[in-house]
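**Q** Would you mind keeping the following structure in view while I ask a few things?
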C-alpha cells in the first residue's frame, strides 16, 4: 500500500473558516512536513469556494483532510469530494455529520447503551425562560453549556447557579444558534485515540488530562504548561480496558473510519461517560492523538501514513 501511496499526489487541506482555523493550519503544516520528509508528492491547499477546481487543476489523487470544525469536519467537504470522486482521509459523510453534531451523537450513544451525560437541547426559536424551567426540573446543577457543533472546547461554559442559566443560554444561542446543556460529570478527563479500519481498528493508550483551568478548555489544549498529561492514564486495569472498549464502541456506533479521538469522563464509580467523538483530531505538537500514538510506539510519521491509508 505504501508503494501505491508514493505514486499519488496528495493535497493537505487546512485552514478553512471555522473558529478552529489556526489549529487547523498548525495541524496541516505539521502533516505536510511529515509527508514531504517521507518522500510523498504533497502540497497544501486552503478551503476555497472553488476547491474542487483547484484540486483537479493540481491533478490531486488524495485529499488529507486537516480541517477542524465546520465545514471541513461536518461532512460538507466530504460530500463535495464524494461527488468529485476524489478519495480523502478519515470518516465519510454521515459519520462526520453525526460526530460533529454532539446532540445527534448522544442520541446514537443512548440508542446503543453507551453512557453519556444527560442533556437538554435548546430550541433557540422557542421561549428560553420556559425551557430553563424544564432544565431546572430535569437536570441537577452544575451544568455544562455547549454549542452543538463547535470543537476545541470553543464556547463551553460551566453553569453553577440557577439564575445564570437564562442569560447565559440566551447569549450562547444568539452567538452559536444551536446549543445544549448537559450534566456536569465529575471524574477523570481522558481521551482515547482510535486508528485503523475494519478488523485493524485499535484503541491507543489512554491519555489522562489534568488541566490547571476548571476543565480542558481551549487555553488548556493549546498552551504549553496549562495541562498535565498522564500517559497512560492512571486507571485500574479493568477500568482502563473498559474505557478503551467504550471508546471503540462510540467510534463504531457513529460509523467512523480511519481515525478519531473519543473524549470521556471516568467517574469515581468507574463509569466511562462519552462526551464526544472528534473525527479529525488535532495533529499539532500539543495534540493528544500524536502523544497517544507515540506511547503505543507509533511515530508521528507512521501515524500520518496510517491516516493516509484510510483514503484507500
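The values are calculated or read from the model by the stated rules, or taken from the named source; none is laboratory data. This structure is a prediction, so every number in the text was calculated from the model and none was measured. Here the Cβ positions follow ideal geometry from the backbone for every residue, glycine too, while neighbour counts run over all protein chains shown.
**Q** Among residues belonging to segment 1-49 that are assigned to a loop (DSSP other than H, G, I, E, B) and at pLDDT 90 or above, point out the one that is surrounded by the most Cβ atoms within 10 Å (Cβ to Cβ).
**A** Only one residue tops the list, namely 40.
**Q** Looking at (1) out of contact with any helix residue (DSSP H, G or I) (no Cβ under 6 Å at 6 or more places or on another chain); (2) surrounded by fewer than 20 Cβ atoms within 10 Å (Cβ to Cβ); (3) not in a helix (DSSP H, G or I), which is the one condition that is false for residue 90?
**A** Condition not satisfied by residue 90: (2).
**Q** Please enumerate the residues belonging to segment 115-129 that are touching a residue at least 12 places away in the same chain (Cβ under 8 Å), more than 29 Å from residue 261 (Cα to Cα) and not in a helix (DSSP H, G or I).
**A** If the condition is that a residue be touching a residue at least 12 places away in the same chain (Cβ under 8 Å), more than 29 Å from residue 261 (Cα to Cα) and not in a helix (DSSP H, G or I), then 124 is the only one that fits.
**Q** Quickly run through segment 202-222 and pick out the residues that are surrounded by 13 or more Cβ atoms within 10 Å (Cβ to Cβ) and modelled with pLDDT under 95.
**A** Result: 209, 210, 211, 213, 215, 216, 217, 218, 219, 220, 221, 222.
**Q** Let me ask something else about it. Just checking, how many residues over segment 130-165 are buried (at least 16 other Cβ atoms within 10 Å of the Cβ) and part of a helix (DSSP H, G or I)?
**A** Here the count works out to 5.
**Q** Name the helices (runs of 4 or more DSSP H) wholly inside segment 221-312 in which the number of residues that are more than 27 Å from residue 78 (Cβ to Cβ) is 1 or more.
**A** The helices (runs of 4 or more DSSP H) meeting that bar are 237-253, 288-295.
**Q** I need the full set of residues from segment 103-113 which are under 19 Å from residue 149 (Cα atoms) and either crowded, with 24+ Cβ neighbours inside 10 Å or in contact with a helix residue (DSSP H, G or I) (Cβ under 6 Å, 6 or more places away or on another chain) (or both), in order please.
**A** 104, 105, 108
**Q** Here is a follow-up. Go through 276, 228 for me and flag whichever is assigned by TED's automatic domain parsing to the domain that holds residue 302 and without any contact (Cβ under 8 Å) to a residue 60 or more places away in the chain.
**A** Answer to the check: 228.
**Q** Tally the residues that are in contact with a helix residue (DSSP H, G or I) (Cβ under 7 Å, 6 or more places away or on another chain) and free of Cβ contacts under 8 Å to residues at least 40 places away in the same chain, restricting the search to segment 48-86.
**A** 10
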